[in-house]
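Encoded as structure tokens, the structure appears first; notes follow it.
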Amino acid sequence: MQTVTEGTLLWEPSEEFRERANLTRYMRWLREERGLSFEDYHELWRWSVESLEDFWGSLWEYCGVLHDGSYERVLAERTMPGARWFEGTRLNYAEHIFRKGSPQRSALVHASELRPLGQESWGELESRVASLAAGLRELGVGRGDRVVAYLPNIPEAIEAFLACASIGAIWSSCSPDFGVGSVVDRFRQIEPKVLLAVDGYRYGGRDYDRMEVVARIEREIPSLEKTVLLPYLGERPDVARLGNAMGWEELLASGEGAPLTFERVPFDHPLWVLYSSGTTGLPKAIVQGHGGILLEHLKQIELQMDLGEDDRFFWFTTTGWMMWNIVVAGLLSGAAALLYDGNPGYPDMYALWRFAGETGMTHFGTSAAYITACMKAGIEPGRELELPRLRAIGSTGSPLPPEGFAWAYEHVRRDHWLFSTSGGTDLCTAFVGGCPLLPVRAGELQCRALGAKVEAFDEEGNPLVDEVGELVITEPMPSMPLYLWGDESGERYRESYFSMYPGVWRHGDWIKIKKSGSCVIYGRSDSTINRGGVRMGTAEIYSAVESVPEVLDSLVVDVQRPDGTAYMPLFVVLREGVDLTAEIETEIKRRIREYCSPRHVPDEILAVPEIPKTLNGKRLEVPVKRILSGTPPEKAASRDALANPRSLDVFVELARREES
């Protein structure tokens with residue numbers, strides 16, 4: 001594979017690619033309808049963040065938002081937190097989903113380890129959403145009631161969400177691989193009326209029965225009035241094992257034949273509740289509204305991701321990650337949403353790439369970790385499979401190293417648009433990411449998203465260019481949380497995002513904004529390694545460490561000891577059958593010294609069976625750092641929020657060793 005470094009040019013859009021882009025059409029519309037002309041994307045971005053009302057007002061009109069009522073001002077109060085948008089209007093997120101798809105065309109294309117490849121037309125989707133909405137009304141669900149889902153990434157989850165949204169109910173979901181404590185910690189906060197759940201799921205060829213978990217969720221959330229059970233692992237819903245439960249088909253039948261209607265609600269009416277990762281303390285229950293999410297997703301899907309009616313859009317995700325919500329948003333463009341439930345590496349690392357070929361996928365979205373895993377496995381999808389329609393690959397979840405960019409262009413497809421994105425659950429979007437009009441350079445995110453005034457700040461709040469700083473957002477965005485559930489005073493909201501720079505959203509990532517307008521993310525700012533006054537994001541260290549062929553995964557922390565000295569251990573997961581030899585340690589240190597700095601060579605390298613990760617696959621840097629600093633493990637991390645809870649044991653033992 002070719003050697004590339006950060007900033008290496010890998011792709012440029014052709015004139016044809018640029019001309020057909022939705023963003024080009026939008027810029028043409030601005031010129032013809034508003035008399036606004038922009039030289040390039042970066043000039044357009046500056047206008048979008050300096051003239052917020054003009055930008056978001058233009059998007060409202062350009063996208064033809066369906067609504068009742070009228071607004072006097074786009075942004076009634078330009079403050080954070082507390083910005084008020086499009087006051088006086090009423091709309092419904094779900095209503096916009098069904099504007100473009102013709103009844104016979106595919107809306108959902110899906111497969112899983114339990115189900116073969118299948119399709120659902122727009123007409124079928126509309127019928128099922130209508131039946132579910134009527135069935136939920138029969139259960140007494142109405143505007144403002146909460147419906148929670150313990151469902152995998154299958155069509156029924158999208159149908160149920162759209163049904164909830166259509167009647168003004170509030171949705172929240174967790175993936176069935178979440179443990180009972182993690183689910184209860186999330187759902188109990190919002191006092192749901194109805195639980196939608198599966199009996200189990202299959203992952204990596206193994207079946208996982210979840211009936212006892214569902215029963216415990218019922219018992220531990222007293223507000224629940226009804227459980228609706230979907231037989232996914234079994235053939236029939238075993239409702240007798242639960243409390244007040246009914247089968248999925250029974251719910252559908254109770255609303256069969258009902259027309260699909262939409263309850264238009266105020267712009268800031270809650271649409272769903274998402275959650276922070278919950279690695280420490282009770283997860284934040286993040287409430288986002290119909291209008292703000294609609295506008296943000298229309299912008300993200302159509303302009304930044306360039307989706308249209310002929311596309312087939314995929315992102316590998318579960319219902320417990322905000323990227324599932326982005327997959328749903330893909331339907332706003334009229335594109336078909338592609339769903340896959342199962343282990344992406346089973347039966348081999350080609351599983352998702354085969355799915356891409358079989359479905360005619362145009363946009364392949366995944367995590368940086370998955371791309372790196374494909375690279376490490378040495379697979380070559382472009383050579384082994386037919387991927388004729390693939391034109392874009394999206395990456396998120398963590399920084400994608402330059403080597404990952406290079407692998408995608410060399411071993412998947414040379415002529416495609418690879419966009420790396422960064423954002424978060426907190427706004428349910430990417431505020432740094434892709435643009436179909438800009439070149440792709442290794443290790444870089446192409447641009448800041450329209451309407452997102454992202455800046456890099458130093459500790460005093462001064463903006464930086466070409467230097468690493470705190471990622472902040474200095475102007476409000478419509479999809480910012482309305483509030484955190486149960487946080488009546490707003491204190492937790494302000495403390496979470498606005499305590500470091502009052503009136504400015506601090507996101508918790510390190511970012512470098514280059515003079516060219518492109519960006520580089522360096523990992524979480526609260527897990528940054530500071531050695532000898534030189535700060536470095538952990539992503540840079542991981543890029544160096546994991547370039548060593550024997551290393552599959554890694555985690556690094558910088559621990560301040562009580563005597564004032566620092567201890568920087570590096571933990572590595574090695575390939576099966578490989579031991580940590582002096583030669584491997586020397587090579588790891590050499591690459592860190594060369595690729596990062598001599599200051600960031602670890603004090604000790606330790607082999608561990610696995611790296612602790614959240615259910616969404618993110619490394620638990622901060623909890624591990626706290627454990628090694630002496631924090632009791634039960635206070636450092638909630639094991640229910642981990643994908644691999646036992647992985648913490650080795651760090652607890654190490655902390656005991658340090659104490660002795």
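A short reminder: the numbers here are calculations on the coordinates, not readings from a lab. Here the structure is a predicted model, which means the values were calculated and not measured. As a convention, Cβ positions derive from the backbone with ideal geometry for all residues, glycine included, and neighbour counts pool all protein chains shown.
Remark: Ser37, Ser489, Ser166 ranked as Ser489, Ser37, Ser166, counting other beta-carbon atoms within 10 Å and listing the fewest first. Mean sequence separation of contacting Cα pairs (under 8 Å, at least six apart), scaled by the length of the chain, corresponds to a relative contact order of 14 percent.
By how many nm would the segment from Phe498 to Arg264 lengthen if fully extended, with 0.36 nm per residue of separation less the alpha-carbon distance? Don't skip to the answer; put the middle values down first.
Numbers: separation 234, 0.36 × 234 = 84.24 nm, distance 3.19 nm.
Result for the pair: 81.1 nm of gain on full extension.
Among the GluC sites (Glu not before Pro) found in the range 486-565, those both in a DSSP coil and sparsely packed, with 14 or fewer other Cβ atoms within 10 Å of their Cβ, are Glu488. Among the chymotrypsin sites (Phe, Trp or Tyr not before Pro) found in the range 1-106, those both in a DSSP coil and sparsely packed, with 15 or fewer other Cβ atoms within 10 Å of their Cβ, are Phe38. Within the same chain, lysines fewer than 8 places from Lys635 are excluded, and of the rest, those with a Cα less than 16 Å from its Cα are Lys625.
Within the shell of other residues whose beta carbon sits under 15 angstrom from the beta carbon of Leu555, the net charge comes to -4, with Lys and Arg scored +1 and Asp and Glu -1.
Can you give the helix-only mean residue ellipticity at 222 nm for the chain, where every DSSP H stretch with n ≥ 4 adds -39500 (n - 2.57) and the sum goes over all residues, rounded to the nearest 500 deg cm²/dmol? Show your work: numbers first, answer last.
Details: 22 runs with 201 residues, N = 660.
Calculated from helices alone, the mean residue ellipticity at 222 nm is -8500 deg cm²/dmol.
Name the shape class, rounded, prolate or oblate, that the alpha-carbon gyration tensor gives for the range 517-660, where a ≥ b ≥ c are the square roots of its eigenvalues, rounded holds for a/c under 1.5, and otherwise prolate holds if a/b is larger than b/c and oblate otherwise. In terms of gyration-tensor shape, rounded.
Quick one: order Asp553, Asp487 by neighbouring beta-carbon count within 10 Å, fewest to most.
Working: Asp553 20, Asp487 17.
Lowest to highest Cβ neighbour count: Asp487, Asp553.
Placing unit charges on the Cβ atoms only, positive for Lys and Arg and negative for Asp and Glu, gives the range 529-659 a dipole magnitude near 500 debye about its Cα centre.
Once you keep just the Cα pairs under 8 angstrom separated by 6 or more residues, what percentage relative contact order results for the range 529-659? Walk me through the numbers on the way to the answer.
On the way: 186 pairs, mean separation 29.3, N = 131.
Computed over the range 529-659, the figure is 22 percent.
With R₀ set to 30 Å, the beta-carbon distance separating Ala253 from Leu117 gives a calculated FRET efficiency near 0.65. Note on the chain: with charges restricted to the Cβ of Lys and Arg (+1) and Asp and Glu (-1), its dipole about the Cα centre is near 240 debye. Which of the GluC sites (Glu not before Pro) found in the range 19-103 are loop residues per DSSP with 15 or fewer other Cβ atoms within 10 Å of their Cβ? Qualifying residues, ordered by number: Glu39, Glu72. Projected label points at Thr5 and Glu594, each 7 Å from Cα along the beta carbon direction, are separated by 1.2 nanometres.
From the Cα gyration tensor of the chain, with a ≥ b ≥ c the square roots of its eigenvalues, which class applies: rounded if a/c is under 1.5, or else prolate if a/b is larger than b/c, or else oblate? Because its axes are fairly even, with a/c under 1.5, the chain counts as rounded. The modelled label-to-label distance for the pair Glu658/Gln560, using points 7 Å beyond Cα in the direction of Cβ, is 1.3 nm.
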